[in-house]
Amino acid sequence: MDKTMHKMEIAGDTSLEQAFQTYCLLNEEVRRWQDERGSFGMEELSPAKTPPYYPFVDFPEIVVLELWKRLNQVIGLIVSEAALRETWKRFKNGQSLSEPELSSNLQISLTGIAHLLRARFMKTKMDAENNQGQVHPEKTAYESDACPICGEHATLSILARSNGQRFIHCTLCGHEWPTARVGCIHCGSEEATEQSYLQSEEFPGIELVVCEACGQYFKELDLRTLAVADFIWEDVRTLPLNYAAEQWLADHAKQSGNIQ
Ligand SMILES: [Zn+2]
Ligand SMILES: [Zn+2]
């Protein structure tokens, strides 16, 4: 872990700046694709009866491959359709991908598709509620750290700019839903002694919440003090905090003798 953190430091601002430029180019391509394609190819995809309504593993392969290929072209990455199909299958089976650019382009493609599906879901929901003459705010009945729309497991919580209310923000589809003001968003533990809050002067307005009850962590962004234009980039930009949390968990596990 030390090694990884060291590498991040050496990489410095230049490569982060370059990564950001590429990220912006890829996102422009996603927006172009969204404008051109709308929900074409996804009409037959109907929401599940219970959450998650549009799990990413059910995204139509033809749509995933189309956007993915376009993003690969943006960065001059040439991969055959057969190889993409094979990689998509591996990814859906939960296998990690060894090709970082291909993998990151796939993530961005899934994000682009998930945002479209979320928009469609919310519109249908709002239309239905308007027809009934009432609009209900989102209920919190869905008790899980997985996004009710796409099923992605949460990694970010935010404190709302207006009143500090806490929401979970899904980095795949952009959906936000309210959650308990304190405690772990993963396991629901509200025992204060079980969560540690790690901060870094380098990243004001962000806390890394590490939970000993479940051994997981998440980032909390306080939007009352921090302006965030893009949550995914914010998550990437602050990756050193993730490494610190993993280090913290490893050290802590060693101390309590849980890990060999
Ligand atoms: Zn989601
Ligand atoms: Zn927990």
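Throughout, read-outs are computed from the coordinates displayed, never taken from laboratory work. Owing to the predicted nature of the structure, the values given are computational and were not obtained by experimental measurement. Virtual Cβ from ideal backbone geometry, glycine too; neighbours counted across all protein chains shown.
For Ile232 and Cys187, a Förster radius of 30 Å and the Cβ-Cβ distance give a FRET efficiency of 0.80, rounded to the nearest 0.05. Straight-line reach from Lys89: taking Cα to Cα under 14 Å and skipping same-chain neighbours fewer than 8 places apart, the aspartates and glutamates in range are Asp58, Glu61, Glu81. Alpha carbon centre of the range 91-125 versus the range 186-244: separation in Å? Their Cα centres are 23 Å away from one another. Comparing Gly205, Gly94, Gly183 in a Gaussian network model of the chain, where Cα atoms under 10 Å apart are tied by springs, the biggest mean-square fluctuation is seen for Gly94. At q = 0.11, 0.24 Å⁻¹, what is the base-10 log of I(q)/I(0) for the range 156-255 according to the Debye formula with one equal point scatterer per Cα and no solvent? Please give it to two decimals. Reported log10 I(q)/I(0), two decimals: -0.31, -1.44. In terms of overall dimensions, the C-alpha atoms belonging to the range 63-102 reach 26, 21, 14 Å along their principal axes, ordered largest to smallest.
Among Pro204, Pro100, Pro240, determine the one that fluctuates most according to a GNM of the chain built with springs between C-alpha atoms less than 10 Å apart. Of the options given, Pro100 has the highest mean-square fluctuation. Each stretch of four or more DSSP H residues adds -39500 (n - 2.57); spread over every residue of the chain, this sum gives -15500 deg cm²/dmol at 222 nm.
A convex hull fitted around the alpha carbon atoms of the range 2-131 yields 157 Å³ per residue. For the chain, the list of Cys residues with no other Cys C-beta under 4.7 Å reads Cys24.
Note on the chain: Cα-Cα pairs beyond 33 Å make up 25% of the total pair count.
When you restrict to C-alpha pairs under 8 Å that are six or more residues apart and normalise by the size of the range 156-255, the relative contact order lands at 25 percent. Relative to its residue count, the range 84-198 spans a Cα convex hull of 158 Å³ per residue. When the C-alpha to C-alpha distance is required to be over 24 Å, the pairs from Lys69/Lys92; Lys49/Lys219; Lys92/Lys123 that qualify are Lys49/Lys219; Lys92/Lys123. Other residues with beta-carbon under 14 Å from the beta-carbon of Ala229 carry, at +1 per Lys or Arg and -1 per Asp or Glu, a net charge of -1.
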